[in-house]
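One structure is given here, and the rest of the page talks about it.
The values are calculated or read from the model by the stated rules, or taken from the named source; none is laboratory data. Source: prediction; values computed, not measured. Positions of Cβ are generated from backbone atoms using ideal geometry, with glycine treated the same way; all protein chains shown enter the neighbour counts.
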């Protein structure tokens, strides 16, 4: 039983720093009300005594049976275990700020890189995605500044130049948009990008807006 395996209760729970624990229970029809009660007791103990550095989760599946819970539990458990590997997500500008804004994003990738031995820099594509999101949320100057600052660190990034050109176009700054579209094309040709033809068509389209 889970509580027996964690004999010692709070002391052992507090020692599980940096670990992940995920468990689930099916409905009482198959596993009985006693086992469900034990699982809920464990959930209560974790809520009260587990270290904040223990990454844990519990799901109750009342419509599942003992033989079907492994499938959904595996997916949810893997998602929980590696939630610090996934890219940060938010649904509003306020939520973005609550997660620390760009400083929070930078810190996320720093920790992610150290833990999983991956590059610690925030990927260009992620920065472009964030800029597009906050631009759509009305923070237009902040979004443009974010991409401009990124170009100082990534001056040869085709993606970053294209993203900035697109935001300038959306902001009705067509001449600036064309400047960065031209730079995008120049870099794409230097790097033999497969997007050269597409960028050329975009430049012709934007010229028609002048």
Of residues in the range 191-201 being assigned to a helix (DSSP H, G or I) and in contact with a helix residue (DSSP H, G or I) (Cβ under 6 Å, 6 or more places away or on another chain), the one surrounded by the fewest Cβ atoms within 10 Å (Cβ to Cβ): 196
Where a residue in the range 59-88 is within 29 Å of residue 106 (Cβ to Cβ) and its partner, wherever it lies, is in a loop (DSSP other than H, G, I, E, B), with Cβ under 7 Å and at least six apart: 88/99
Any chance residue 137 is touching a helix residue (DSSP H, G or I) at 6+ places or on another chain (Cβ under 8 Å), in contact (Cβ under 8 Å) with a residue 40 or more places away in the chain and surrounded by 15 or more Cβ atoms within 10 Å (Cβ to Cβ): yes
Only listed residue being out of contact with any strand residue (DSSP E or B) (no Cβ under 8 Å at 6 or more places or on another chain), at pLDDT below 95, assigned by TED's automatic domain parsing to the domain that holds residue 203 and more than 17 Å from residue 105 (Cβ to Cβ), chosen from 176, 183, 156, 189: 156
Residue ranges of helices (runs of 4 or more DSSP H) in the range 23-115 with at least 1 members modelled with pLDDT of 85 or more and farther than 25 Å from residue 145 by Cβ: 28-49, 69-81
Matching option when the condition is without any contact (Cβ under 8 Å) to a residue 60 or more places away in the chain and surrounded by fewer than 15 Cβ atoms within 10 Å (Cβ to Cβ), among 177, 145, 163, 131: 145
